[in-house]
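The values are calculated or read from the model by the stated rules, or taken from the named source; none is laboratory data. Quick caveat: nothing in here was measured; it's all calculated off a predicted structure. No Cβ is skipped: glycine too gets one built from the backbone with ideal geometry, and neighbour counts run over all protein chains shown. With ligands, DNA and RNA removed, areas are computed over all heavy atoms of the protein, side chains included. Shrake-Rupley method; radii C 1.70, N 1.55, O 1.52, S 1.80 Å.
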Amino acid sequence: MDILIVGAGPTGLTAATTLASRGIACRIVERKSEPSELSRAVGIMPATIDALKTLGVAEAFLEEAMPLRKMHILRDERTLAYLDNRGNEFKNRVPLGLPQNRTEGILRDALLEKGTKVEYDLSVNTIISTSEKTEVHFSDNTRAEFDWIIAADGIQSSTRKQLQIQYPGIDLPGKWSIADVDLAGDFDPEEITLDLYGRDNQFTLILPIEKRRARIASSTEDALANMKLPLNIGNVRRTGTFQISIRQAETYRKNRILLAGDAAHCHSPVGGKGMNLGMADAVAAATAIVNGNVDQYSEVRRKAGISVVRKTEIARYLISSGNPLAKAFFWLSVKSISSITPLHHAFMKQWISV
Ligand SMILES: Cc1cc2nc3c(=O)[nH]c(=O)nc-3n(C[C@H](O)[C@H](O)[C@H](O)COP(=O)(O)OP(=O)(O)OC[C@H]3O[C@@H](n4cnc5c(N)ncnc54)[C@H](O)[C@@H]3O)c2cc1C
């Protein structure tokens, strides 16, 4: 069986690793000339680790990533709630902090060990797709036919566009920002800190991604300038802004091509689920191809996507809305979750599932 994976982000690499774990070779092509040193996603959910265990690659993630067992929520720099998962059933089932480039690096190394090498600096230019076959024209002027293609080519997926699959949704106004920093002073690498401030409910999130490195995210355009919490920053590795789109492809399959990851859905990073959802698509797409049951793929994964997009959108609204009712509801929920154990556990179960 000839299989092509378009894009070597976390989704494409997970699809290739899934195939490799079943002893199936594929081609995986990437438009960039080399792996990215930058990170967008920083959170890996326990459900993703479960999936990676079945592929035999979870160990490296567990060794390197930061288990985020505590969450400190503040309002105007004063503690509103504290969630501590060190002594409960979630102790070893918490989100893990790891820069996306390391997630990609671990998967790439595992793939290489199984004999599959990402072909960098090679783009898919054109796809001719029928129910019988797919013909692909690459940027180096070569062409090849494939039995199946997994399109993991990101939010701007040219595969999705060529197949004329609609990607309806909205683009939110305004920009959010991130900064990746090395810490010079005291820092708890197990603790996520969320500080909400201002009338419009702006926020700063500090999330450990290495022992002395953190991701700062903000609902403003300058994460560092608007941070109110004291944090002893030694070095700023990168800063950036991004816009949030909330979109989902109308179908995840056309002929012999399956969409996965951001090519199929996108939403705000609140809750840290986007990459995890894409990696779950990837496992499902590759498994469906190997097992010969692709017919259910689009319906099943679209449903999973709808659920994550909806929950993420509710969380984003509650965290960042200036609406007094939404704010009151959010604070009440946070207070209840931190003080009532069954609610705390119900929240954790929801959060860590993808
Ligand atoms: C600021 C920010 C923070 C985030 N934080 C989190 C988080 O904490 N947790 C989480 O789960 N998610 C998070 N996300 C979302 C996450 O980054 C994405 O969901 C994830 O990167 C999607 O992976 P992907 O492989 O589907 O797409 P991408 O990572 O975009 O990879 C697609 C790849 O395809 C390649 N490509 C495109 N077209 C072609 C072509 N024609 N031929 C060959 N190659 C091609 C591209 O070069 C690219 O490398 C965050 C997003 C942002 C913006």
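For this structure, a couple of remarks:
- Here is the list for segment 1-97: GluC sites (Glu not before Pro) lying in DSSP coil, each with at most 12 other C-beta atoms within 10 angstrom of its C-beta, are 37, 77, 89.
- Cα centroid separation, segment 1-44 to segment 94-168 (Å): 7
- Exposure of residue 147 as accessible area (Å², to 10), given a probe of 1.4 Å and all protein chains: 60
- Heavy-atom accessible surface of the chain: percent carbon and sulfur, 1.4 Å: 50
- Estimated inter-spin distance, residue 156 and residue 255, nm [label 7 Å along Cα→Cβ]: 2.5
- Cα centroid of segment 243-285 to Cα centroid of segment 192-223, whole Å: 25
- Rounded to 10°, Cα long-axis angle of helix 341-352 versus longest principal axis of the chain: 30
- Surface accessible to a 1.4 Å probe, per residue, for the residues of segment 188-336, Å²: 43
- Computed from Cα atoms, the angle from the helix 324-339 axis to the main principal axis of the chain rounds to 90 degrees.
- Cβ-derived FRET efficiency at R0 25 Å, residue 101 paired with residue 211, nearest 0.05: 0.90
- Semi-axes of the equivalent ellipsoid for the chain, Cα gyration tensor, largest first, Å: 36, 21, 20
- Pair residue 238, residue 36: separation of 7 Å Cα→Cβ label points (nm): 0.7
- Set of aspartates and glutamates near residue 211 by C-alpha distance (under 16 Å), chain-local residues within fewer than 8 positions excluded: 63, 64, 180, 182, 186, 188, 190, 191
- Of the listed residues 1, 66, the order by accessible area with a 1.4 Å probe, largest first, is 1, 66.
- Measuring with a 1.4 angstrom probe and ignoring ligands and nucleic acids, residue 205 comes out at about 40 Å² accessible.
- Cross-link pairs beyond the 18 Å C-alpha cut-off, checked among 70/335; 70/91; 175/303; 273/335; 228/273; 70/327: 175/303; 273/335; 228/273; 70/327
- C-alpha long axis of helix 100-113 to longest principal axis of the chain, angle in °: 40
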